[in-house]
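Asks: I'd like to ask some things about the structure below.
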């Protein structure tokens, strides 16, 4: 889609994947979600770079879910 060096594109993809993987190795829901949000945002950029609507939309959705869950973390869940 964009004329970007393929190595840069791969660095974005690998970095995003590594952050998502690392987030699941962490303790505490808040930390997991925060690192996962960062990974998902990088995946959004990666999806745009490669012109993949599925990668972009999936990670937009995941980011929104994490933000909503974090914002409700302080509320009492039934």
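The values are calculated or read from the model by the stated rules, or taken from the named source; none is laboratory data. The structure presented is a predicted model; accordingly, all values stated were derived computationally and were not measured. Ideal geometry is used to build each Cβ from the backbone, glycine not excepted, and the neighbour counts take in all protein chains shown.
Asks: Do the conditions hold for residue 35, that is, is it over 24 Å from residue 70 (Cβ atoms), part of a helix (DSSP H, G or I) and within 15 Å of the chain's Cα centre (by Cα)?
Replies: In short, no.
Asks: Check whether at least one residue in segment 33-51 is farther than 17 Å from residue 17 by Cβ and modelled with pLDDT of 95 or more, and report yes or no.
Replies: Checked segment 33-51: no residue is farther than 17 Å from residue 17 by Cβ and modelled with pLDDT of 95 or more.
Asks: Can I ask one more? Quickly run through segment 51-66 and pick out the residues that are touching a helix residue (DSSP H, G or I) at 6+ places or on another chain (Cβ under 7 Å) and either farther than 23 Å from residue 13 by Cβ or surrounded by fewer than 17 Cβ atoms within 10 Å (Cβ to Cβ) (or both). Lay out the reasoning, then the answer.
Replies: Keep residues of segment 51-66 that are touching a helix residue (DSSP H, G or I) at 6+ places or on another chain (Cβ under 7 Å), which gives 55-56, 59-60, 62-63, 66.
Within segment 51-66, 60 is the sole residue that qualifies.
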